[in-house]
Amino acid sequence: MSTHKHTHAQWSSRIGFILAAVGSAVGLGNIWKFPYMIGQSGGSAFVFTYLICIALIGFPILVAEWMIGRRGQSNPILSMSRVAEQNNRSQLWSIVGLSGVLGAFLILAFYSVIGGWSINYIVKVGSGAFAGQDAAAVENIFAGLLGNSKELFIWHSVFMGLTVIIVALGVAGGLERASKILMPLLGICLLIMVGYGVFSGGFAAAIDYLFTPKFELIDSKVILAALGHAFFTLSLGMGIMMSYGSYLGGEINLLRTATVVVIMDTVIAILAGLAIFPIVFANQLDPSSGPGLIFVTLPIAFGHMTSGLLLGLVFFALLTFAALTSAMSLLEPVVELLEEKTPLGRSLSTLAAGSVIWALGIAVLLSFNEWSTVMILGNNIFDFLDKLTSKFMLPLTGLGAIIFVGWFVHGNIIRQELHLSTAGEIIWQIIARIIAPIGVAIIFVSSLGDV
Ligand code: PHE
């Protein structure tokens, strides 16, 4: 710690930290992927499978990343190298931090483009663009947005600009304050939507879709999907949680706090299902996942509902809040690194990092139109960045973090950090040394199959 300035920022409260961590965890995955996965892959039997994956893989890696950050009190690279040094381990471990920061950097470039769609849809819904439109027209509106590089550019810039402003304001004054405002707003939007869903006429069908246990659907593919999602949904393997951990003081109980974050992330994802699917079923539409569900299926429904305009606004506001709190968490590790490694202060570091990522985002948005034929290893730029990060960088970074903490950090440090009883320590070791690394390794190897 000798080289460390004591000015390193800190969260101002435990609740602020929790909201920021939940804000990072709750993102597009919770809204456009998880509810659909539940419905298609076993209902409550899937939720059960997923919770096991969360407990055995997501949870321990979340704790490991926070622990590294808190002990390192620095950006992910320096935190890894400090903790390695405290344990007389090779400085090469800092590579784990480096690949996390790099992953966050690359992901934000395309995450911001999608965040831009979300803001644009607030405007579209608000101006009545979907009112009375049929499915083909709504599909055309979405295709039209993707084909229009100028429009994409504007909304990507707006989204990135908002992210930069929040992050530039600092840890307590920016990230934490924004989370304290946006997360309750997200919660209110979600409850309004679920409340509407209850009376929409599609609620029973949604409950049936989401919760009827279908254990016969749980096969190895479904378990793999649950594993992968448990990892992705907690924003692991991208330096985010290390960076967020570096602003933590010693008084925070990591195990208890991780439990709260994991539960909130899951509850919000399930509520998102209860917000979305009643509308889908009440309008006789087919459930789907991904951008199509959000930017086509739902707008078709909004266009035909009496309070569709209002509800559409609430929904895209919700999506934008979820995307913003995740985007700011992606920018943070990069900014923390610049802030500590260069003479630039917080604002300039944020501006510099944000500008480079914004520029890369322009290449991403062009890959939907003018540059759609530009291929990197057989993928357009968007798909390439998505696959490179989610299939390679994130699992490998997460694997590095958990192997490091499981095998290379001294037992007394773990005891001190986690306040474990003897029995607790044995359980922790079995999970952190064996189960979680094997789980992530399986995610990694299996995802190579469909690159
Ligand atoms: N955890 C987010 C989700 O579930 C995903 C995410 C990815 C967040 C990248 C931040 C950065 O959607």
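Selection among I357, F404, T422 by position relative to the dipole of region 335-451 gives T422 as farthest towards the positive end (Cβ unit charges, Cα centre).
Between rounded, prolate and oblate, where does the chain land on the alpha carbon gyration tensor, with a ≥ b ≥ c its root eigenvalues, rounded for a/c under 1.5, else prolate if a/b exceeds b/c? Prolate is the answer for the chain, as a/c is 1.5 or above and a/b outweighs b/c.
Roughly how many percent of the accessible protein surface of the chain is carbon and sulfur, given a 1.4 Å probe and a whole-percent answer? That fraction is 69 percent. Dipole orientation for the chain: of the candidates M375, S447, L217, S447 has the Cα lying most toward the positive pole (charges on Cβ; Lys, Arg +1; Asp, Glu -1).
Measuring only protein heavy atoms, the 1.4 Å probe finds W117 accessible over about 10 Å². Computed with every protein chain present, the accessible area of F231 is close to 10 Å² [probe 1.4 Å]. Figure note: E151, E417 ranked by solvent-accessible area, largest first, 1.4 Å probe, ligands and nucleic acids not counted: E151, E417. With a/c under 1.5 counting as rounded, go ahead and sort region 338-451 into rounded, prolate or oblate using the C-alpha gyration tensor (a ≥ b ≥ c being the square roots of the eigenvalues; past the cut-off, prolate if a/b is larger than b/c, else oblate). Oblate shape, in that a/c is at least 1.5 and b/c is the bigger or equal ratio.
When H156, H8, H419 are compared by accessible area of protein heavy atoms, the largest-first order is H419, H8, H156, using a 1.4 Å probe.
Taking every protein chain into account, the accessible area of the chain amounts to 38 square angstrom per residue (probe 1.4 Å).
Selection among A275, W155, I188 by position relative to the dipole of the chain gives I188 as farthest towards the positive end (Cβ unit charges, Cα centre). Residue-normalised convex hull volume from the C-alpha trace of region 232-329: 113 Å³ per residue. Placing +1 on the Cβ of every Lys and Arg and -1 on the Cβ of every Asp and Glu, with no other charges, gives the chain a dipole of roughly 840 debye about its Cα centre. Annotation: extensible slack from E340 through R415 equals 24.1 nm (criterion: 0.36 nm per residue apart, minus Cα-Cα distance). Look at the Cα gyration tensor of region 304-399: its axes a ≥ b ≥ c give a/c of at least 1.5 with a/b at or below b/c, and that counts as oblate. For the pair region 331-359 / region 1-79, the C-alpha centres are spaced 22 Å from each other.
Based on DSSP H runs of at least 4 residues, each adding -39500 (n - 2.57), what is the mean residue ellipticity at 222 nm of the chain after dividing by all its residues, to the nearest 500 deg cm²/dmol? Helices in the chain give a 222 nm mean residue ellipticity of -22000 deg cm²/dmol. Computed extension gain for D208 through I52, at 0.36 nm per residue and net of the alpha carbon distance, reaches 54.0 nm. Residue ranking by accessible heavy-atom surface, 1.4 Å probe, largest first, among R177, R433 comes out as R177, R433.
Normalised by the number of residues in region 316-432, the average gap of Cα pairs under 8 Å and 6 or more apart makes the relative contact order 12 percent.
The values are calculated or read from the model by the stated rules, or taken from the named source; none is laboratory data. What you see is a predicted model, and the numbers here were worked out from it, not measured in a lab. For neighbour counting, all protein chains shown are included, and Cβ atoms are generated from backbone atoms with ideal geometry for every residue, glycine included. SASA here: full protein model, heavy atoms, side chains in, ligands and nucleic acids out. Shrake-Rupley method; radii C 1.70, N 1.55, O 1.52, S 1.80 Å.
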